[in-house]
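So the structure is just underneath, and the comments pick up after that.
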Amino acid sequence: MSRRSPRGRPLDGWLVIDKAPGLTSTDVVNRVRRSFGAQKAGHGGTLDPLATGVLPIAFGAATKTVPYVMDGTKLYRFTLRMGEARDTDDADGAVMATSPHRPTDAAIAAALPRFEGDIMQVPPVFSAIKIEGERAYDMAREGRAPVLDARPARVDRFALLERPDVDTAVFEVQSGKGVYMRSLARDLALACGTLGHVAALRRLRVGPFTEAQAITLDKVAGPDHTPPASPDLLLPVATALADIPALALTDAEASDLRHGQAISLVQLMGRIPMAADPDRGLARAMAGSRVLGLCRLQDGWLKPERML
């Protein structure tokens, strides 16, 4: 039996979309993939329909690097609206309860430190977490909202930027993987003696991808655009690895890694970047200016993990 060829053209690279509100991340991926006529595409980190901002789209070989993008640092700005708890923990949900209390700026500032560093966080009920094979949001929509356990989360910075009025406050958050801004907003409001939800949310950075690189969906999949979109819009696959420490290799060492062989770290002494964690940390293997792939420092060896 002949094997069916994949539909679309093979494309490798990244496209950074400035997502508009009202769309799911999957909606954006599907529209972009159709616009480029691409065989394979995926996104580097979900944004809620209400959210806007940086949504990296991976094509072809770039999909291999998605986990490393999702593990990278995220930067968000969100508006907390106080006085209402909503079932989705954002403005798209139904009001569940209200509170007349409005905390002062000083009370908010005093509460912020307990949400920084390594914390435990209960995800929103309306989230993509799987419970025995079912998505939490599907269960919630059917009136079977699950009880979710708290999960470890890392928040590097949680800052109050401004207080437009007594009902709202704007924050900037720098965080690691899997931190829910809706949960931060909900829990901060509770810590300040009131209720609250996210009224607006914008992602400014995902790993190496920033707001400055993002283009609107209309520029590649607008009503006047005729597919296929130009591959010139794509960033190189290796862009996703730009914030991983680089390690220069000789031609012989590069050949060994390509063939799956580990290299002794003793052999690499003096070249191992200071930022690379010697205990299972990642390094970006370089042959001159060319990225070979990702390797892991482990047990005294440099081991190939994901070669490009």
Inset, instruction - Please give the contour-minus-distance gain from GLN261 to MET307: 0.36 nm per residue of separation, less the Cα-Cα distance, rounded to one decimal in nm. - result: 15.4 nm
Legend entry - Value of Rg to Rh for segment 244-307 (Rh from inverse mean 1/r over Cα pairs, i.e. Kirkwood): 0.90
Inset, instruction - With r as the distance between the Cβ atoms of ALA107 and GLN39 and R0 = 45 Å, compute the FRET efficiency 1/(1 + (r/R0)^6) and round to 0.05. - result: 0.25
Legend entry - Label-point gap, in nm, between ALA252 and ALA191 - each point 7 angstrom along Cα→Cβ: 5.5 nm
Inset, instruction - Starting from the Cα gyration tensor of segment 1-137, take the square roots of the eigenvalues, sort them a ≥ b ≥ c, and report rounded, prolate or oblate (rounded when a/c is under 1.5, otherwise prolate if a/b is larger than b/c, else oblate). - result: prolate
Legend entry - Normalised contact order of segment 74-206, rounded percent, pairs of Cα under 8 Å and 6 or more residues apart: 43 percent
Inset, instruction - Could you calculate the contour length gain from ARG154 to ALA275, that is, 0.36 nm times the residue separation minus the distance between their Cα atoms, to one decimal place in nm? - result: 41.6 nm
Legend entry - Model label zone, VAL166; criterion: amide N under 15 Å from point 7 Å along Cα-to-beta-carbon; scope segment 61-82: 82
Inset, instruction - Report the residues of segment 6-48 in range of a label on ASP92: point 7 Å along Cα→C-beta, backbone N strictly under 20 Å from it. - result: 17-33, 42-48
Legend entry - ALA145/ASP243 FRET efficiency (R0 35 Å; Cβ-Cβ; nearest 0.05): 0.40
Legend entry - Degrees, to the nearest 10: 25-36 long Cα axis against longest axis of the chain: 40 degrees
Inset, instruction - Could you please report the charge total around GLN174, scoring K, R as +1 and D, E as -1 over all other residues with beta-carbon less than 11 angstrom from its beta-carbon? - result: +2
Legend entry - Equivalent ellipsoid dimensions for segment 74-206 as semi-axes, Å, which come from the Cα gyration tensor, largest first: 23, 18, 13
Inset, instruction - Please compute the net charge surrounding LYS64, taking Lys and Arg as +1 and Asp and Glu as -1 over other residues with Cβ under 14 Å from its Cβ. - result: 0
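Bear in mind these aren't lab numbers, they're just calculated from the coordinates by the rules spelled out. Here the structure is a predicted model, which means the values were calculated and not measured. Please note: Cβ atoms are built from the backbone with ideal geometry, for glycine as well, and neighbour counts cover all protein chains shown.
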